[in-house]
Amino acid sequence: TIRRLMAVSHCNDVVKVRDVDLCAAVAEAVSRQRGYAQVKSIRLLDQLPEEEEAIVAADRLALVEAVLNLIGNAIKYSPGGSTVQVSVSVGADCATCAVRAQGPGIHPEERSKLFTIGGILSSKPTAGEPQTGIGLALSFELIRAMGGTLACDSIPGEGATFSIRLPMPDGRRSSATCTARRARRA
């Protein structure tokens, strides 16, 4: 916990932006969270292009850490038997990774706490997992340090979608269409 708190304050010093394949980073994070999803009987569904890349300006390790955090939170707050979807899409000058969960959602009055250290919300993990209030703050700062954004769309009772948007190097459009070409389930 202390290490993660310190990391939040040093994101700008640690992040080294390079060309990174967003799809490969997301696939790594999904793979690392499959066991957790299985333990909670949650389907972890990824929608990534099979053979194409979505190149973004990012730090690969920091990006994987942020996506791991978002997927882990989605699993943590989702009820057994639900689905967590992870997708990648490409726009004109940026790419987006979205993590959608079928959990309790986030109440509008709690949104100001979302990306702050210690920002523990009223929603409780479905299997009694601990809450530190650090993960989203760390993810937010890592993505910000890469020149990207992390946002949340949520309707209470209907789940939440967290979206990471990252710029493409030099405004280039990637070769990926990033439409759902396959769907794997855990």
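Does I71 qualify as being touching a Phe, Trp or Tyr at 6+ places or on another chain (Cβ under 6 Å), open to solvent by less than 10 Å² (accessible area, probe 1.4 Å) and part of a helix (DSSP H, G or I)?
Here the answer is no, as I71 does not meet what is asked.
Where the second residue is basic (K, R) and not in a loop (DSSP other than H, G, I, E, B) and the first is without any contact (Cβ under 8 Å) to a residue 40 or more places away in the chain and lies in segment 144-160, which pairs have Cβ atoms under 7 Å and are six or more apart or on separate chains?
Here the result reads T149/R165, each pair linking segment 144-160 to a residue that is basic (K, R) and not in a loop (DSSP other than H, G, I, E, B).
Taking only segment 78-101 into account, find how many residues are among the charged types (D, E, K, R) and under 13 Å from A54 (Cβ atoms). Outline the logic, then answer.
Step one: of segment 78-101, the residues among the charged types (D, E, K, R) are 93, 100.
Applying the additional criterion that residues be under 13 Å from A54 (Cβ atoms) yields 93.
Adding up the residues that qualify gives 1.
If I ask for residues that are assigned to a helix (DSSP H, G or I) and over 30 Å from V14 (Cα atoms), which ones from segment 37-68 would you list? Explain how you work it out, then say what you get.
Residues of segment 37-68 assigned to a helix (DSSP H, G or I): 37-39, 60-68.
The answer is Q38, V39.
Say we look at segment 74-94 and pick out the residues that are farther than 16 Å from K40 by Cβ and within 13 Å of the chain's Cα centre (by Cα); which of these is least open to solvent (accessible area, probe 1.4 Å)? So that I can check it myself, show each step before the final result.
Let us first name the residues in segment 74-94 that are farther than 16 Å from K40 by Cβ, namely 87-94.
Among the residues that remain, those that are also within 13 Å of the chain's Cα centre (by Cα) are: 87-88.
Values: S87: 30, V88: 3 Å².
So the residue we want is V88.
What are the residue pairs meeting all of these: first residue in segment 63-90, first residue more than 9 Å from Q102 (Cα to Cα), second residue part of a helix (DSSP H, G or I) and among the β-branched types (V, I, T), Cβ atoms under 6 Å, and 6 or more apart or on different chains?
A66/I143; V67/V26; V86/V30; V88/V26
Give me the residue from segment 156-171 that is farther than 20 Å from R18 by Cα and in contact with a Ser or Thr (Cβ under 6 Å, 6 or more places away or on another chain) and, out of that set, surrounded by the most Cβ atoms within 10 Å (Cβ to Cβ). Step through it out loud before you land on a result.
Our first condition is that a residue be farther than 20 Å from R18 by Cα; within segment 156-171, this holds for 156-163.
Still in the running and in contact with a Ser or Thr (Cβ under 6 Å, 6 or more places away or on another chain): 160, 163.
Working: A160: 24, S163: 18.
Once the filter is applied, the top-ranked residue is A160.
Tally up the residues in segment 52-62 that are touching a residue at least 24 places away in the same chain (Cβ under 8 Å) and open to solvent by 40 Å² or more (accessible area, probe 1.4 Å), please. Break it down stepwise before answering.
First, pick out the residues of segment 52-62 that are touching a residue at least 24 places away in the same chain (Cβ under 8 Å): 52-60, 62.
Next cut, open to solvent by 40 Å² or more (accessible area, probe 1.4 Å) only: 52-53, 60.
Final tally of qualifying residues: 3.
Answer yes or no: is there a residue in segment 138-155 that is under 12 Å from the mean Cα position of the chain (by Cα), surrounded by fewer than 18 Cβ atoms within 10 Å (Cβ to Cβ), modelled with pLDDT of 90 or more and not β-branched (V, I, T). Spell out the reasoning first.
We begin by selecting, within segment 138-155, every residue under 12 Å from the mean Cα position of the chain (by Cα); these are 138-140, 142-143, 149-152.
Narrowing the set further to residues that are surrounded by fewer than 18 Cβ atoms within 10 Å (Cβ to Cβ) leaves 149, 151-152.
The next check asks that each one be modelled with pLDDT of 90 or more; those that pass are 149, 151-152.
If we keep only those that are not β-branched (V, I, T) too, we end up with 151-152.
Yes, the conditions are met somewhere in segment 138-155.
Across segment 105-126, what is the number of residues that are surrounded by 15 or more Cβ atoms within 10 Å (Cβ to Cβ), modelled with pLDDT under 75 and of a type in the set (A, V, I, L, M)?
2
Do we have any residue at all in segment 84-101 that's touching a Ser or Thr at 6+ places or on another chain (Cβ under 8 Å) and among the charged types (D, E, K, R)?
Yes, some residue in segment 84-101 is touching a Ser or Thr at 6+ places or on another chain (Cβ under 8 Å) and among the charged types (D, E, K, R).
The values are calculated or read from the model by the stated rules, or taken from the named source; none is laboratory data. Quantities reported herein were computed from a predicted structural model and do not represent experimental measurements. In this analysis, Cβ positions are derived from the backbone assuming ideal geometry, glycine residues included, and neighbour counts consider all displayed protein chains. What goes into the accessible areas is simple: the full protein's heavy atoms, side chains included, and nothing from ligands, DNA or RNA. Shrake-Rupley method; radii C 1.70, N 1.55, O 1.52, S 1.80 Å.
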